[in-house]
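Q: Could you have a look at this structure, given as structure tokens, before my questions?
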Amino acid sequence: MKRAKPLSDYLVALADDELILGHRDSEWTGHAPILEEDIAFANFALDEIGHARLWYELAADELGADRSRFPDQQVYFRPAPDWRCLQLVELPKGDWAFSMLRQYLFDSFEKFRLEGLVASSNKPMADVAARIRNEELYHQRHTQAWVPRLGQGTDESHRRMQAALDELWPYAQALSAPLPGELELIGVVPKSSELFEKWKDEVTKFLSKSSLEIPITTTRVDVDRAVHSEYFPALIADLQEVAQADPQAQW
Amino acid sequence: MSDTQWPRFMVFQQEAEAKPFVHNGTVHAPDIEMALLNARDVFARRPQAVAMWVVPADSIFTQTREELAKGLSQKSSDHPINGLTDYFVFGKFEEQAQCRHIGEVEASSPPEAIQAAIKKYGDQNPLWWWVFPKADVLTSQPQDASPMFEPSRAKTFKDQAEYPVVTMMREIRAKKK
């Protein structure tokens, strides 16, 4: 398929990851194991959804669309098959170990990608990346603090973390695949395959230090972002239900 | 005790470089490093901050003006500290106000630290004195300030007062009549 707009495709994929991860994080609101972490996860959710907005707005500029309306159109009115997020972020929130570890794995990768984007020759993209990166540094500190505490905490916390890693690891392998448009943007955006090697090296060491064992992946997860998990249609239905019930509503 | 809660930590926040640290509230956390992170999430999203301290709630020793006037003092042995150490001194000046940073003293126990504080800062005459060992505090580092406190400044949010709910409800009720 020939891509007429590789940059906007790339930006929408970035935004989709953030939006769906933020949505999953928001499902912890009122349900986290302790009040402080409930607030922390609500913050993560708001931050990720805020980052999604920034990327959607840049995509709108690239497409000549209205940047004040484009994010809502994409999020509330786009059919599930048209989304380009990773299956990693679509998975249900699971237990708290699962959500914490997913956040750690995703944010660790994002840190490397943002480093690359901050240095991009595309100035608007570099500026947005710098803004997002500052906040992500804090996310990473928070999740990085939890991984060893849970990995080495009690038998139960270790068991839950290892189970989360066993389930997440095959899905995380899809981070190595190029984003839509990426191959047409060589020199403007970092190569996912190279980021993946740096990421894998860092998280492998950190997880081992946290007494967690890297699983030998046997499950093959589709790396094509047009292919979604079985959980995705229900997530989108939930996300879009209210907006679609009354598309003209003013908020 | 069957208390399964995590330990409590007191949170102190500095709004701007030139302003004193003020007590902002409490967080639960499994340890002091997590307490600092939880403090950021709970207290620094809306109000501005440039720095934050957390200290175990158990490290704080307090005396009221009344207690001191009656000569009541807790035993030093409740708070064993080996040798002279530095204490932070905080004071609460009005019932509704937050406890704020006054200064520092050197002492060998919390009650002695209160006495030293009265000697040094007694003219300020707070309603409550708080003292705690400097060594028990975890402070945010200057390099943390940007990722911890900067992003909240760029976030737009509506103050609760901006939602015209009360006016709207009144209009709806008026229509019903």
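Computed from the coordinates by the stated procedures, all read-outs in this text should not be read as laboratory data. Everything quoted here is computed from the prediction, not taken from an experiment. Here the Cβ is made from the backbone with ideal geometry for all residues, glycine too, and neighbour counts use every protein chain on show.
Q: Which residues among segment B:111-132 fall inside the zone where the amide N is under 19 Å from a point 7 Å beyond the Cα of B:Leu84, along Cα→Cβ?
A: Counting only backbone N, you get B:111-121, B:132.
Q: What is the gain in length, in nm to one decimal, between A:Ser68 and A:Thr29 on full extension, counting 0.36 nm per residue of separation less the C-alpha to C-alpha distance? Could you put the intermediate results ahead of the total?
A: Values: separation 39, 0.36 × 39 = 14.04 nm, distance 2.69 nm.
Going from the current span to full extension adds 11.3 nm.
Q: A further question follows. I want to verify a result. In a Gaussian network model of chain A, Cα cutoff 10 Å, which of these has the top mean-square fluctuation: A:Pro124, A:Pro233, A:Pro170?
A: Per the Cα network of chain A with a 10 Å cutoff, A:Pro124 tops the list.
Q: I'd like the orientation of helix A:123-151 relative to chain A: the angle between its Cα long axis and the longest Cα principal axis, in ° from 0 to 90, rounded to 10.
A: 20 degrees
Q: Positive end of the charge dipole of segment A:4-245 (Lys, Arg +1 and Asp, Glu -1 on Cβ, about the Cα centre): tell me which of A:Ala245, A:Ile186, A:Ala15 has its Cα farthest that way.
A: Value: A:Ile186.
Q: Sorted by average packing, counted as other Cβ atoms within 10 angstrom per residue and highest first, what order do A:130-143, B:32-45, A:237-250 take?
A: On the way: A:130-143: 19.8, B:32-45: 22.2, A:237-250: 10.2.
Most protected by this proxy first, the peptides run B:32-45, A:130-143, A:237-250.
Q: What does the helix-only formula give at 222 nm for chain A: each DSSP H stretch with n ≥ 4 adding -39500 (n - 2.57), the total divided by the residues, and the result rounded to the nearest 500 deg cm²/dmol? It would help to have the intermediate numbers written out before the result.
A: Working: 9 runs with 164 residues, N = 251.
Result for chain A, helices only: -22000 deg cm²/dmol.
Q: Can you give the extra length, in nm with one decimal, that the chain gains between B:Arg8 and B:Arg65 once fully stretched, where that is 0.36 nm per residue apart less the Cα-Cα distance?
A: Values: separation 57, 0.36 × 57 = 20.52 nm, distance 2.50 nm.
Going from the current span to full extension adds 18.0 nm.
Q: For the pairs B:Lys19/B:Lys134; A:Lys200/B:Lys155; A:Lys205/B:Lys134; A:Lys93/A:Lys209; A:Lys205/B:Lys155, flag any whose C-alpha to C-alpha distance is greater than 27 Å. Walk me through the intermediate numbers first.
A: Details: B:Lys19/B:Lys134 19 Å; A:Lys200/B:Lys155 33 Å; A:Lys205/B:Lys134 35 Å; A:Lys93/A:Lys209 25 Å; A:Lys205/B:Lys155 35 Å.
Checking Cα-Cα distances, A:Lys200/B:Lys155; A:Lys205/B:Lys134; A:Lys205/B:Lys155 exceed 27 Å.
Q: Still on this structure, please answer the following. Nothing charged except the Cβ atoms of Lys and Arg (+1) and of Asp and Glu (-1): what's the magnitude of the dipole of segment A:4-245 about its Cα centre? Round to the nearest 20 debye. Mind showing how you got there, number by number?
A: Working: 25 positive and 41 negative charges, 101 e Å.
Approximately 480 debye in magnitude.
Q: Still on this structure, I have one more. Over chain A, with a Gaussian network built from C-alpha contacts below 10 Å, which listed residue (A:Ser192, A:Ser229, A:Ser108) shows the highest mean-square fluctuation?
A: Evaluated over chain A, the most mobile residue of the options is A:Ser229.
Q: Using a 7 Å offset from the Cα along the Cα-to-Cβ direction at both A:Tyr231 and B:Gln98, what is the distance between the two label points in nm, to one decimal?
A: Roughly 3.8 nm, to one decimal.
Q: Still on this structure, I have one more. Over segment A:1-85, what is the relative contact order in percent, taking alpha-carbon pairs closer than 8 angstrom and at least six residues apart? Don't jump to the answer; show the numbers that get you there.
A: Numbers: 88 pairs, mean separation 32.4, N = 85.
Taking the mean separation of contacting Cα pairs over the length of segment A:1-85, I get 38 percent.
Q: Placing +1 on the Cβ of each Lys and Arg and -1 on the Cβ of each Asp and Glu in chain B, which of B:Ala39, B:Ser108, B:Ala174 has its Cα farthest towards the positive end of the resulting dipole?
A: Farthest towards the positive pole: B:Ala174.
Q: So, one more: Roughly how many nanometres apart are two label points built 7 Å out from the Cα toward the Cβ at B:Ser108 and A:Asn134?
A: 4.9 nm
Q: Taking springs between alpha-carbon atoms closer than 10 angstrom, which of B:Gln96, B:Gln63, B:Gln14 fluctuates most in the Gaussian network model of chain B?
A: Comparing B:Gln96, B:Gln63, B:Gln14 in the GNM, the peak value goes to B:Gln96.
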